[in-house]
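The values are calculated or read from the model by the stated rules, or taken from the named source; none is laboratory data. These figures come from a predicted structure and were not determined experimentally. Using ideal geometry, Cβ is built from the backbone for each residue, glycine included, and neighbour counts are taken over all protein chains shown.
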Amino acid sequence: MARAPLLQLTDISLTFGGNPVFDDLSLTLQQGDRVALVGRNGSGKSTLMKVMAGLVEPDRGEVVLTAGAHAGYMEQDPDLSGHRTLGDFARAGLDEAEGYRVEIAAEGLKFDPDRPVATASGGERRRAALARLLAEAPELMLLDEPTNHLDIEAIGWLEDQLNQTRAAYVIISHDRAFLRRLTRATLWIDRGEVRRQERGFEHFEDWREAVWSAEDDARHKLDRKIRAEARWAVEGISARRKRNQGRVRALAALRAERRAQRARQGVAAMALDSGAQSGKRVIEATGIAKSFGDRVILKPFDLRVQRGDRVAFVGPNGVGKTTLIRMLIGEVPPDQGTVRLGTNLDIAVFDQARAALNQDQTLWEALTGDSEMRVSGRADQVMVRGQPRHVVGYLKDFLFDESQARAPVRSLSGGEKARLLLARLMARPSNLLVLDEPTNDLDVETLDLLQDLLGDYDGTVLLVSHDRDFIDRVADTTVAMEGDGRAVVYAGGWSDYRAQRGEASPPAPAPAPTRPAAAKESPASAKPARAGLSFTERHRLEELPDLIDRLEAEIAKLSEFLAQPDLYQTAPDRFRKATEALAERQAALDAAEEEWLTLADKAG
């Protein structure tokens, strides 16, 4: 069945700082779309999303949102000024009766709605912005890196919410597992062109390689044609100048076409040097424990890390993963137990808070101001793995333009800040890498390169990450911090950890649920107990009977309307719309009844 258009962009052109971002861009988003928006860092993903949301005005073209529809946008750095608490911000614009939606989202996303905005962290602010969007329930959700600052449990909760919604959505995310589970179409921004494929992110890399392969073939053929025509021009043009001016102009046109082609952005020229080999035993932790007041971070715990191990640490936000790693590398003393570090260790740390970056410095100063990178007497040189390099040349290795060298760090995107941190970290040899959320904001190509570098790295890696795909690709051991101070060691990565716990992998995107074969019980006539249900489930169980009654009433009205004998001949458009609406409400009723039966059974 054809889906109605929800948002249309027609002939959009946009220029920033004299550089074209998009030119003559046209695309359509439809009801029910589940779209991944992908592209290199700096390609314009967030800008395009802001154009969709109506927050950035294009230089030319038209953005049309279907009448009566609303597009909600979750930005990376929300402005909470004018609000006292996170809950006040998240509830802004909602009717009082709808405030419960914020409480549900706050529980799932793990933030305190009563937290004052003035004391809230950046991650809490982003979670409040996400809760606000979910509570608004717009017809189109625009989500820019929604999983940043979410732990794996909260990411799973968000996946479930998005899988159940009937709204359309577009997602920018570095989390490949998240995109694979949720998306059914892909928008790819590549050098100002936006391509669409009606397949989810799971198929993106194969599609990208096929497009690039065809592009390379076409460029190779064009180059051969130019060489052949140029050879003719040199060897034969003098004798046939007058009658061959058309061919000369054609050669000029071919050369102009070749110059107009925009080269693909290369992959960052990152490299890791493990330097001198460490001892075979890197870390030996015996009976270590840690508490802060009455809060137990870690009960007595043993861990042995050997040279070459890749150990991932997983668990909810705030459970103590970073504290455990800092104990293991000797930065924080345990309350009891011992930590013995191996010989000849050279430790390099990637900090998820980006605290190593001074936001007021330029990129140039961020490199030359590092005492370990500075080349004595040379203000334009940095030491990179034992060799002097010009600052700009080294920045280009990490895909920065020469014009960015004197720009302030605060002007960089999240992905660019991550690359700058990697540039600092990779400038010197190390044989023990500590990576605390290294994947945040990095594009797919850079993530692939980082994964390959870690695979070839001779040293040892300690990794904190909520990126399940990255953990699977890198880790050979997983330490799960399960709350109440418990930490358990599992062999393998994230999927291996889940399998050893007997937990199934999350299902792929599925169509709307259908009515179960079992006979229905009327939810409106029952008063199930509330034991064993979370706040979210209790509230949902209470609201479902009203939802079911409303859907049944709407279905009855639509059925009566469609029963008119001559409706199809006299008003075919109204007949089509009513038929689509009836199918949509019937599917929603089936899903609501199934959900009520599940919750009622759980309540006992």
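Structure values in brief
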| item | result |
| --- | --- |
| Odd one out for residue 115, checked against (1) free of Cβ contacts under 8 Å to residues at least 40 places away in the same chain; (2) at positive phi; (3) not aromatic (Phe, Trp, Tyr) | (2) |
| Which listed residue is of a type in the set (D, E, K, R), under 21 Å from residue 44 (Cβ atoms) and assigned by TED's automatic domain parsing to the domain that holds residue 55, from 184, 195, 199, 180 | 195 |
| Test: residue in the range 503-525 that is at pLDDT 90 or above, surrounded by 13 or more Cβ atoms within 10 Å (Cβ to Cβ) and within 24 Å of the chain's Cα centre (by Cα) | no |
| Tally, over the range 69-82, of residues that are surrounded by 13 or more Cβ atoms within 10 Å (Cβ to Cβ) and in a loop (DSSP other than H, G, I, E, B) | 6 |
| Residues that are acidic (Asp, Glu) and farther than 16 Å from residue 151 by Cα, drawn from the range 473-505 | 476, 484, 496, 503 |
| Every residue from the range 25-76 that is among the charged types (D, E, K, R) and either within 18 Å of residue 169 (Cβ to Cβ) or in contact (Cβ under 8 Å) with a residue 40 or more places away in the chain (or both) | 33, 34, 40, 45, 50, 59, 60, 62, 75 |
| Any hit, the range 177-188, residues being modelled with pLDDT under 95, assigned to a helix (DSSP H, G or I), within 24 Å of residue 588 (Cα to Cα) and not hydrophobic (A, V, I, L, M, F, W, C) | yes |
| Which numbered condition residue 88 misses (of (1) over 19 Å from residue 189 (Cβ atoms); (2) part of a strand (DSSP E or B)) | (2) |
| Flag if residue 66 is modelled with pLDDT of 90 or more, touching a strand residue (DSSP E or B) at 6+ places or on another chain (Cβ under 6 Å) and surrounded by fewer than 16 Cβ atoms within 10 Å (Cβ to Cβ) | no |
| Residue in the range 329-336 that is of a type outside the set (Ser, Thr, Tyr), part of a strand (DSSP E or B) and touching a strand residue (DSSP E or B) at 6+ places or on another chain (Cβ under 7 Å) present | yes |
| Enumeration of residues in the range 380-401 that are closer than 15 Å to residue 269 by Cα and either β-branched (Val, Ile, Thr) or outside the structural domain of residue 417 (by TED's automatic domain parsing) (or both) | 384, 391, 392 |
| Of the criteria (1) surrounded by 20 or more Cβ atoms within 10 Å (Cβ to Cβ); (2) in the same structural domain as residue 487 (by TED's automatic domain parsing); (3) in contact (Cβ under 8 Å) with a residue 60 or more places away in the chain, which one residue 272 fails | (2) |
| Qualifying residue in the range 149-165 (condition: more than 16 Å from the chain's Cα centre (by Cα), buried (at least 18 other Cβ atoms within 10 Å of the Cβ) and not hydroxyl-bearing (Ser, Thr, Tyr)) | no |
| Single unsatisfied condition, residue 148 versus (1) at pLDDT 90 or above; (2) in contact with a helix residue (DSSP H, G or I) (Cβ under 8 Å, 6 or more places away or on another chain) | (1) |
| Helices (runs of 4 or more DSSP H) within the range 370-482 that include 3 or more residues in contact with a Phe, Trp or Tyr (Cβ under 7 Å, 6 or more places away or on another chain) and within 30 Å of residue 500 (Cβ to Cβ) | 468-474 |
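Yes/no per residue for (1) of a type outside the set (D, E, K, R); (2) under 25 Å from the mean Cα position of the chain (by Cα); (3) in the same structural domain as residue 444 (by TED's automatic domain parsing); (4) in a loop (DSSP other than H, G, I, E, B):
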| residue | (1), (2), (3), (4) |
| --- | --- |
| 10 | yes, no, no, no |
| 22 | yes, yes, no, no |
| 38 | yes, yes, no, no |
| 42 | yes, yes, no, yes |
| 62 | no, no, no, no |
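Table: residues versus (1) outside the structural domain of residue 466 (by TED's automatic domain parsing); (2) free of Cβ contacts under 8 Å to residues at least 40 places away in the same chain; (3) surrounded by fewer than 16 Cβ atoms within 10 Å (Cβ to Cβ); (4) part of a strand (DSSP E or B).
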{"site": "285", "(1), (2), (3), (4)": "no, no, no, yes"}
{"site": "304", "(1), (2), (3), (4)": "no, yes, yes, yes"}
{"site": "319", "(1), (2), (3), (4)": "no, no, no, no"}
{"site": "339", "(1), (2), (3), (4)": "no, no, no, yes"}
